[in-house]
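J.: Here it is: the structure, laid out below.
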Amino acid sequence: MEKYSQINKLRISKELEQLRLKYISQGIPSLKTPSLNELILHVSIKSPDKILEIGTATGISGIAMLSTCEKAKLTTIETDETSYNEALKNFELFGLSDRVTCRHGDAGDFLNFTDARFDFIFLDGAKSRYVDYLPDLKRLLLKGGVLFADNVLFRGYVDGGVKYTRGDNAIVNNLRRFLNAVISDDDFFCSVYEIGDGILIAQKR
Ligand SMILES: C[S@@+](CC[C@H](N)C(=O)[O-])C[C@H]1O[C@@H](n2cnc3c(N)ncnc32)[C@H](O)[C@@H]1O
């Protein structure tokens with residue numbers, strides 16, 4: 001019998017899938033397949049004009065989102081210079097450079113100072129910083145806009161079922177603070193899903 005809940009057929013081009021697999025084999029982080037599927041689905045449903053991504057890495061998720069929604073423009077931020085340069089190359093390769101503002105730097109600095117507004121935010125940077133970013137993310141998100149955050153259950157540690165070492169304490173605590181803050185905020189509809197490394201999807205009311 002087919003396990004329908006475990007079918008994860010990616011809706012990305014063969015070229016993008018090949019590039020994604022190449023980076024994964026090199027140990028460069030990219031969204032897990034079920035999470036990428038979910039991201040693509042929500043971008044497709046929301047059909048945003050302006051997407052903000054925190055954590056570009058090599059551009060795989062950015063390219064997937066822009067390929068899903070052809071009218072969308074993307075602002076994406078990456079702190080690591082090598083990944084940033086690789087992402088620039090990849091956006092060019094997929095003919096998307098004119099729809100992307102790719103920034104090299106710390107997401108926190110960008111979030112503090114920007115006045116831009118977005119109708120979709122994909123949060124995929126440093127997990128321990130999500131809670132610090134939240135006030136700015138809420139400010140930058142338009143009414144009806146969607147916040148999609150990856151890794152929020154962090155290897156099962158955040159829900160308490162899996163043991164973790166002291167080294168992960170700060171990340172786990174900060175992710176719990178982030179989830180508590182979104183869940184208790186009446187300005188958001190939200191759900192947390194055990195998909196991939198755990199995702200939170202919230203809509204600003
Ligand atoms: C999980 S990876 C992103 C994967 C990418 N979104 C994808 O699915 O293809 C997280 C990225 O966030 C970047 N990052 C970490 N801290 C950051 C910060 N403070 N500002 C911007 N980017 C950051 C890391 O260098 C890393 O490339």
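The values are calculated or read from the model by the stated rules, or taken from the named source; none is laboratory data. Source: prediction; values computed, not measured. Glycine gets a Cβ as well: all are built from the backbone with ideal geometry, and neighbour counts include every protein chain shown. Just so you know, the surface numbers come from the protein's heavy atoms only, side chains and all, with ligands and any DNA or RNA stripped out. Shrake-Rupley method; radii C 1.70, N 1.55, O 1.52, S 1.80 Å.
J.: Pull up all non-local amide H partners of residue 50: gap of 5 or more, or a different chain, and H-to-H distance under 5 Å with H placed in the peptide plane.
T.: Answer set, sorted by chain and number: 73, 119, 120.
J.: Measure off 7 Å from each Cα along the Cα-to-Cβ vector at residue 14 and residue 71, then give the distance between these two points in nanometres to one decimal.
T.: 3.1
J.: Please enumerate, by chain and number, the aspartates and glutamates with C-alpha under 16 Å from the C-alpha of residue 163, excluding those fewer than 8 residues away in the same chain.
T.: Residue 163 reaches 197.
J.: Output ³J(HN,Hα) for the stretch 101-109: one whole-Hz value per residue in order, computed from phi by the Karplus curve 6.51 cos²θ - 1.76 cosθ + 1.60 with θ = phi - 60°, and x for Gly and Pro.
T.: Each residue of the stretch 101-109 in turn: 10, 9, 10, 9, x, 8, 4, x, 5 Hz.
J.: Mind listing the phi-derived Karplus ³J(HN,Hα) values for the stretch 181-191, rounded to whole Hz, using 6.51, -1.76 and 1.60 with θ = phi - 60°, and x for any glycine or proline?
T.: 5, 6, 4, 8, 8, 5, 7, 10, 8, 7, 9
J.: Among 130, 66, 201, whose Cα lies farthest out toward the positive end of the dipole of the chain, if unit charges sit on the beta carbon of Lys, Arg (+1) and Asp, Glu (-1)?
T.: Going by the Cα projections, it comes out as 201.
J.: For a quick check, take a GNM of the chain with Cα springs below 10 Å and name the residue from 140, 19, 153 with the largest mean-square fluctuation.
T.: Judging by the Gaussian network model, the answer is 19.
J.: What aspartates and glutamates sit close enough to residue 143 to cross-link, taking a C-alpha to C-alpha distance under 17 Å and skipping anything fewer than 8 places away on the same chain?
T.: Residue 143 reaches 49, 115, 119, 185, 186, 187.
J.: Note down the nm distance, to one decimal, between modelled labels 7 Å out along Cα→Cβ at residue 177 and at residue 112.
T.: 1.7
J.: Which whole-number percentage describes the relative contact order of the stretch 1-92, with Cα contacts under 8 Å and a sequence gap of 6 or more?
T.: Computed over the stretch 1-92, the figure is 27 percent.
J.: Considering only DSSP states other than H, G, I, E and B, which trypsin sites (Lys or Arg not before Pro) in the stretch 54-127 qualify as loop sites with at most 14 other Cβ atoms within 10 Å?
T.: Passing sites in the stretch 54-127 are 71, 117.
J.: Averaged per residue, what accessible surface does the chain expose to a 1.4 Å probe, in Å²?
T.: Ligands and nucleic acids excluded, the figure is 52 Å² per residue.
J.: Amide H neighbours of residue 145 under 5 Å, counting only residues 5+ apart in sequence or on other chains, H built in-plane at 1.01 Å?
T.: Here 204 satisfy the definition.
J.: Computed from the mean reciprocal separation of all distinct C-alpha pairs, what Kirkwood hydrodynamic radius does the stretch 80-159 have, in Å?
T.: One over the average 1/r among Cα pairs gives 14.4 Å for the stretch 80-159.
J.: What pairs in 32/127; 71/138; 89/138; 73/138 have C-alpha atoms more than 21 Å from each other?
T.: Listed pairs above 21 Å: 71/138; 89/138.
J.: Let me ask something additional. In whole percent, what relative contact order does the stretch 11-204 give with Cα contacts below 8 Å and a gap of six or more residues?
T.: 19
J.: Could you run the Karplus curve 6.51 cos²θ - 1.76 cosθ + 1.60 with θ = phi - 60° over the stretch 18-30 and give me ³J(HN,Hα) per residue in whole Hz, x for Gly and Pro?
T.: 3J(HN,Hα) across the stretch 18-30, in whole Hz: 4, 5, 4, 5, 4, 5, 4, 5, 8, x, 8, x, 8.
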